[in-house]
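The values are calculated or read from the model by the stated rules, or taken from the named source; none is laboratory data. Only a predicted model underlies this, so the values are computations on that prediction, with no experimental measurement involved. All Cβ positions, glycine included, derive from the backbone under ideal geometry; neighbour counts span all protein chains shown. We work out accessible area using only protein heavy atoms, side chains counted, and drop any ligands, DNA or RNA first. Shrake-Rupley method; radii C 1.70, N 1.55, O 1.52, S 1.80 Å.
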Amino acid sequence: MGELLRVPFAAAGIAAKGPDSGSPQQRTLPQRGWPTEEARLWQLIWAECPGIGLRRLQRLEGMFGSLAVAWRASAPQLAHALAGSTQLQPSEQERLEAYRQRLGPQPISNRVEPQQRRQLQRQRCLLLGDPSLPEALDQLERPPLQLFWQGQGRLWPTLRKRQAVAVVGTRRPSRHGEAMARALGQALAEAGWPVVSGLAEGIDAAAHRGCLEAQGRPVGVLGTPLERVYPRHHTALQAEVGRRGLLVSEWAPGTPVRPGHFAQRNRLQVALAQAVVLVECPLRSGALQSAQLAWDAGLPLWVVPGDAGRVSAAGSNQWLAQGASVLLDPAQLIDNLGSGPLKAAKSGAGITPAGDAGPSPLANREAALLAALGAGACLDQLCERLRQSPGRLSERLLRLELAGLVQGEPGLWWRPSGQGL
């Protein structure tokens, strides 16, 4: 079993660090390929382990040869393996051991049992190294170990090509800044561009609302798990973004919300976009970090100028002096970007992307699986009907779900999707 499990981080192209090195080695382009079901489940288990991030997980796999062997190691062995720059604090050691005790010494048997699969598998979750994860996320200095999502899976091919625009700014904008963010959301949606933002108060919310008003596809990158709403009065807005667009979070269900999580989502917003628009923000704002990330990555950075005497615009105005492009009108942005990937004709039921008539090549290729699915079926039923392994079928179902052709339900159940873009 050890050889099978040497997949997740090698497949992601992540070099293991030396025992006491202070900075990660340069990562090569991920060698993308679907890992075995076993390997994927082990990666899920460790990704949700308290206190274990990318560097510690790299170290564990490098020291023990596989994540399965690392799981069976004793507490002193784990502490020794994580000595130096990745050393665990006593409180972290306690949480790690409590987590391991809760799952038991063998959470995955040599042959994955249906009950284990139901307990461990996560629907709508992309892992580091998965072919479906946008490469720009894989290539981040600190990529997400896992990415949970909810909504229109057919947006993922667009996001993998970075065919979206991020709109960011302060939580406390002026009326002018809020109006501009809303107008930008509308203009981008009408031109066929998904609108990426963080669903925060102020500029983020205005951009998402404008996008929804124009029947567009908003992409909300959350600083909380998907089931949490922050701020709380955004419950209806977040639900609508999840229904008509996409919600994305690197935080597993039940993860406690911490202030630093909201700053960490900035790198994800920028990695999903091909251009960033900074509407309004003060000198101390997370939006400035998004602007810096876009600038460092060589992405187009547009800034809406604000009142020179207004504190809420001091940070964004400063970027104008550093060479960011001035944005005076949403039409100016659209003229520069052109039509987006979702340029659509309105129909009675909603929006259909241009050129999306008739069955897709994937639907034709997976006709047998879709026929076996019928009105709905669980993974075990499909395995029996098609005589294929759960790992292979999970891979095919994920592709269909990401294409918007099937809808996943709790309990590893799938049904044909009734929604399109």
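Summary of computed values
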| quantity | calculated |
| --- | --- |
| Number of positions in the stretch 117-131 that are modelled with pLDDT under 80 and either open to solvent by 10 Å² or more (accessible area, probe 1.4 Å) or part of a helix (DSSP H, G or I) (or both) | 8 |
| Filter pass, Gln93 being open to solvent by 50 Å² or more (accessible area, probe 1.4 Å), of a type outside the set (D, E, K, R) and either modelled with pLDDT of 90 or more or part of a loop (DSSP other than H, G, I, E, B) (or both) | yes |
| The stretch 201-210, residues that are aliphatic (A, V, I, L, M) and either open to solvent by 10 Å² or more (accessible area, probe 1.4 Å) or touching an Asp or Glu at 6+ places or on another chain (Cβ under 8 Å) (or both) | Ile203, Ala206 |
| Scan of the stretch 271-315 for residues that are touching a residue at least 40 places away in the same chain (Cβ under 8 Å), under 15 Å from Gln163 (Cα atoms) and in contact with a strand residue (DSSP E or B) (Cβ under 6 Å, 6 or more places away or on another chain), ordered by number | Leu272, Ala273, Ala275, Val276, Val277, Ala294 |
| Residue within the stretch 347-360 that is modelled with pLDDT of 80 or more and either surrounded by 10 or more Cβ atoms within 10 Å (Cβ to Cβ) or under 30 Å from Ala179 (Cβ atoms) (or both) present | no |
| Residue match in the stretch 316-333 (condition: of a type in the set (A, V, I, L, M, F, W, C), under 17 Å from Leu283 (Cα atoms), without any contact (Cβ under 8 Å) to a residue 60 or more places away in the chain and touching a helix residue (DSSP H, G or I) at 6+ places or on another chain (Cβ under 8 Å)) | yes |
| Among the residues listed as Gly216, Gly223, the single one being in contact (Cβ under 8 Å) with a residue 40 or more places away in the chain and more than 16 Å from the chain's Cα centre (by Cα) | Gly216 |
| Per-region count, the stretch 167-199, residues farther than 20 Å from Gly340 by Cβ, of a type in the set (A, V, I, L, M, F, W, C) and open to solvent by 10 Å² or more (accessible area, probe 1.4 Å) | 1 |
| Residue ID - farthest from the chain's Cα centre (by Cα), chosen from residues in the stretch 230-251 that are surrounded by 17 or more Cβ atoms within 10 Å (Cβ to Cβ) and aliphatic (A, V, I, L, M) | Leu237 |
| Residue within the stretch 5-12 that is open to solvent by 50 Å² or more (accessible area, probe 1.4 Å), at pLDDT below 50 and not in a helix (DSSP H, G or I) present | yes |
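Listed here are the residues, each with its yes/no results for (1) open to solvent by less than 30 Å² (accessible area, probe 1.4 Å); (2) at pLDDT 95 or above; (3) not in a loop (DSSP other than H, G, I, E, B).
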{"position": "Ala273", "(1), (2), (3)": "yes, yes, no"}
{"position": "Val277", "(1), (2), (3)": "yes, yes, yes"}
{"position": "Arg284", "(1), (2), (3)": "no, no, no"}
{"position": "Gly298", "(1), (2), (3)": "no, no, no"}
{"position": "Trp302", "(1), (2), (3)": "yes, yes, yes"}
{"position": "Asp307", "(1), (2), (3)": "no, no, no"}
{"position": "Ala313", "(1), (2), (3)": "yes, no, yes"}
